[in-house]
Amino acid sequence: MAIHTRRDVALTVTKACPAAGANHNTATLDLKSTTAGAFADSVEVEIVIPALPSLAEGKTLTVKLQDSADDSTYADIPELAAIVVTGAASAAGSAAATRVIRLPSSAKRYLQANLAVATAGGDNTAKSVTVSLLC
């Protein structure tokens, strides 16, 4: 359960799901602090994945949060697990999912989400994932 509920449009990014077998990144979210430390501990990230009716059975959409000190070189945040949704049987796709994650104190200034759809995952490009900072 989120402890923060304030959402600023300037701190929200939306990105269409990539094509099957591909991945791409959201726009950057700037924490505005070069040393996140205790500030990062007070920030949560909400990731909203819509229902994906075209996600093929057994195939996945994976969302990973990444950080960077220079807004150029990004890496997965090691303390955070990826969010994975899987297509269900009978061409049902996947249900919508929302996750709220507290950033670790080691988080760097810039954040992005990497979205990846498995090979033969279906055409999910009409659906978008939303990432918001909550504070």
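The values are calculated or read from the model by the stated rules, or taken from the named source; none is laboratory data. These figures come from a predicted structure and were not determined experimentally. Every residue, glycine as well, gets a Cβ built from its backbone with ideal geometry; the counts of neighbours run over all protein chains shown.
Take LEU55 and tell me if it is in contact with a Ser or Thr (Cβ under 6 Å, 6 or more places away or on another chain) and either of a type in the set (Phe, Trp, Tyr) or in a loop (DSSP other than H, G, I, E, B) (or both). Yes.
Is it true that some residue in segment 14-25 is over 14 Å from the mean Cα position of the chain (by Cα), farther than 24 Å from ALA118 by Cβ and either acidic (Asp, Glu) or at pLDDT 95 or above (or both)? Looking for residues that are over 14 Å from the mean Cα position of the chain (by Cα), farther than 24 Å from ALA118 by Cβ and either acidic (Asp, Glu) or at pLDDT 95 or above (or both), one finds none in segment 14-25, hence no.
Tell me yes or no: at least one residue of segment 74-87 is loosely packed, with under 15 Cβ neighbours inside 10 Å, touching a Lys or Arg at 6+ places or on another chain (Cβ under 6 Å), in contact (Cβ under 8 Å) with a residue 24 or more places away in the chain and over 17 Å from CYS17 (Cα atoms). If you could, list the steps in order and put the result at the bottom.
We begin by selecting, within segment 74-87, every residue loosely packed, with under 15 Cβ neighbours inside 10 Å; these are 75-76, 78-79, 81-82.
This time we only want the ones that are touching a Lys or Arg at 6+ places or on another chain (Cβ under 6 Å), so: 76, 82.
Applying the additional criterion that residues be in contact (Cβ under 8 Å) with a residue 24 or more places away in the chain yields 76.
Next cut, over 17 Å from CYS17 (Cα atoms) only: 76.
Yes, because at least one residue in segment 74-87 is loosely packed, with under 15 Cβ neighbours inside 10 Å, touching a Lys or Arg at 6+ places or on another chain (Cβ under 6 Å), in contact (Cβ under 8 Å) with a residue 24 or more places away in the chain and over 17 Å from CYS17 (Cα atoms).
Kindly provide the set of residues from segment 91-108 that are crowded, with 17+ Cβ neighbours inside 10 Å and either more than 15 Å from ALA56 (Cα to Cα) or within 13 Å of the chain's Cα centre (by Cα) (or both), ordered by number. Of everything in segment 91-108, those that are crowded, with 17+ Cβ neighbours inside 10 Å and either more than 15 Å from ALA56 (Cα to Cα) or within 13 Å of the chain's Cα centre (by Cα) (or both) turn out to be ALA97, ILE101, ARG102, LEU103, ALA107, LYS108.
Matching residues to (1) charged (D, E, K, R); (2) touching a Cys at 6+ places or on another chain (Cβ under 6 Å); (3) farther than 18 Å from SER42 by Cβ; (4) at pLDDT below 95:
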| site | (1), (2), (3), (4) |
| --- | --- |
| LYS64 | yes, no, yes, no |
| VAL84 | no, no, yes, no |
| ARG109 | yes, no, no, yes |
| LEU134 | no, no, no, yes |
